[in-house]
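The values are calculated or read from the model by the stated rules, or taken from the named source; none is laboratory data. Every value quoted in this text rests on a predicted model; they were computed, and no experiment measured them. Here the Cβ positions follow ideal geometry from the backbone for every residue, glycine too, while neighbour counts run over all protein chains shown. When the accessible area is computed, the model is the full protein with side chains, heavy atoms only, and any ligands, DNA or RNA have been set aside. Shrake-Rupley method; radii C 1.70, N 1.55, O 1.52, S 1.80 Å.
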Amino acid sequence: MSAVIAELAGSHGDSRSTIQNFCASVLGFSISLGAIQKVLDRTSEAIKPHYEAIGDQARKQAVNHADETSWLLKGALYWLWVLASTSVAFFMIHKNRSKEAFKALVKDWCGILVSDGYRLYTDWVGLRQTCLAHLIREAKKLSESKNAEIARFGATALAELRRLCHMAHAPPTLGEWRAFYARFIKLITRHHGRKDEAGRFAARLLREVDSLWVFLEKGGVSPTNNHAERMLRFAVCWRKRSYGNVTEKGHRFAERILSLRQTCRLRSKRTFAVLVEAIDSYFKDQKPDLKWISQA
């Protein structure tokens, strides 16, 4: 029963009152909102070992996607961070969108980072793949400018960036790559000194030029950060319905259940079954099964 309540609250993002009505209407018993909260508090403690194991596993991956979105605590702005590979997704709520918060997320991990162009990520000391989807959206916006010269630059940059992204599925020959590289660098150098939107975008491409095609050099790297955005999507919808949390305990439950939910989805594993086993182990004061988290 505890796992059912936790599944509704965490894996589906239902409110306490919705769960209360479900229990009364579908399951035929009454439960107070306070009792529901106590169940969720116990569940949070039961899945804490899973959360820590997911975090440890995330920091062992060769490639990780990182992103962040706003979160709330009694209306105050916090940030929900995610560090996600193809096998695990680790979430963390922090009061800052800062270097300190990012360090708390990754700790000593030093693999290949896939991210958007937020300055915090561009300072990454290791290899980094910048999200081409973000750049493509920016180039598309420029291509729609009323200024004909900016629009022409945007359309050309858009075509080249789309061509680069397509190389993830159709690797170029040496000749194709040399032709692309020559065109791309010429486009940047011709515009990066301008004092308008085109110049600013060209300057950004120049700053991030070493991070534009890491996916062509290293296996397992995506040209976009869509994976992290997909991992965050459920949390964003949850936040819009719930307006975040009202206690720090709520923060802990949210980051733990989100990590478990999305990792289970990546592993094609049923969240409910994991919750049943975790809560059962918690009641019996036994160590839960964590082996599946560390499996490749």
### Residue satisfying all of: in region 57-67; touching a residue at least 60 places away in the same chain (Cβ under 8 Å) and either in contact with a helix residue (DSSP H, G or I) (Cβ under 8 Å, 6 or more places away or on another chain) or more than 15 Å from residue 266 (Cβ to Cβ) (or both); most open to solvent (accessible area, probe 1.4 Å) among these
62
#### Entry: Pairs with Cβ under 9 Å, 6+ apart, first in region 120-144 and assigned to a strand (DSSP E or B), second among the small types (Gly, Ala, Ser)
128/115; 128/211; 129/115; 129/211; 129/222; 130/115; 130/117; 130/211
### Task
Scan region 241-267 residue by residue and report those that are basic (Lys, Arg), part of a helix (DSSP H, G or I) and under 17 Å from the mean Cα position of the chain (by Cα).
256, 261, 265
### Message
Take the residues in region 239-259 that are closer than 19 Å to residue 76 by Cβ and open to solvent by less than 20 Å² (accessible area, probe 1.4 Å); name whichever of them is modelled with the lowest pLDDT.
### Response
244
### Query
Does residue 156 satisfy the criteria of being out of contact with any Ser or Thr (no Cβ under 6 Å at 6 or more places or on another chain), in contact (Cβ under 8 Å) with a residue 60 or more places away in the chain and open to solvent by 30 Å² or more (accessible area, probe 1.4 Å)?
no
### Message
For a quick check of your reading of the model, give me the residue pairs whose first member lies in region 191-211 and is farther than 18 Å from residue 146 by Cα and in contact (Cβ under 8 Å) with a residue 60 or more places away in the chain, whose second is open to solvent by 20 Å² or more (accessible area, probe 1.4 Å) and assigned to a loop (DSSP other than H, G, I, E, B), with beta-carbon atoms closer than 7 Å and at least 6 apart or on different chains.
### Response
204/117; 208/117
### Query
Which one is modelled with the highest pLDDT among residues in region 193-212 that are more than 16 Å from residue 121 (Cα to Cα) and not in a helix (DSSP H, G or I)?
196
### Query
Could you list, in sequence order, the residues of region 219-238 that are in contact (Cβ under 8 Å) with a residue 60 or more places away in the chain, farther than 26 Å from residue 95 by Cβ and surrounded by fewer than 14 Cβ atoms within 10 Å (Cβ to Cβ)?
220
## Note on the structure
Conditions (1) without any contact (Cβ under 8 Å) to a residue 24 or more places away in the chain; (2) open to solvent by less than 40 Å² (accessible area, probe 1.4 Å); (3) among the acidic types (Asp, Glu) -> residue 116 fails only (1)
### Query
Is there any pair with a first residue in region 284-296 that is at negative phi and a second that is open to solvent by 70 Å² or more (accessible area, probe 1.4 Å) and not in a helix (DSSP H, G or I) whose Cβ atoms are under 8 Å apart and which are 6 or more apart or on different chains, and what are they?
292/269
### Task
Just one of (1) open to solvent by less than 40 Å² (accessible area, probe 1.4 Å); (2) assigned to a strand (DSSP E or B); (3) in contact (Cβ under 8 Å) with a residue 40 or more places away in the chain trips up residue 7, so point out which.
(2)
### Task
Test each condition in (1) polar (S, T, N, Q); (2) open to solvent by 20 Å² or more (accessible area, probe 1.4 Å); (3) part of a helix (DSSP H, G or I) for residue 43 and report the one that comes out false.
(2)
### Message
Return the residues of region 73-97 that are surrounded by fewer than 16 Cβ atoms within 10 Å (Cβ to Cβ) and of a type in the set (A, V, I, L, M, F, W, C); say none if nothing qualifies.
### Response
76, 77
### Query
Just to be sure, is residue 45 over 27 Å from residue 201 (Cα atoms), charged (D, E, K, R) and without any contact (Cβ under 8 Å) to a residue 12 or more places away in the chain?
no
### Query
Checking residue 272 against (1) open to solvent by 30 Å² or more (accessible area, probe 1.4 Å); (2) without any contact (Cβ under 8 Å) to a residue 60 or more places away in the chain; (3) in a helix (DSSP H, G or I), which test does it fail?
(2)
### Index of the failed condition, residue 173 passing every other in (1) of a type in the set (Val, Ile, Thr); (2) open to solvent by 60 Å² or more (accessible area, probe 1.4 Å); (3) under 31 Å from the mean Cα position of the chain (by Cα)
(3)
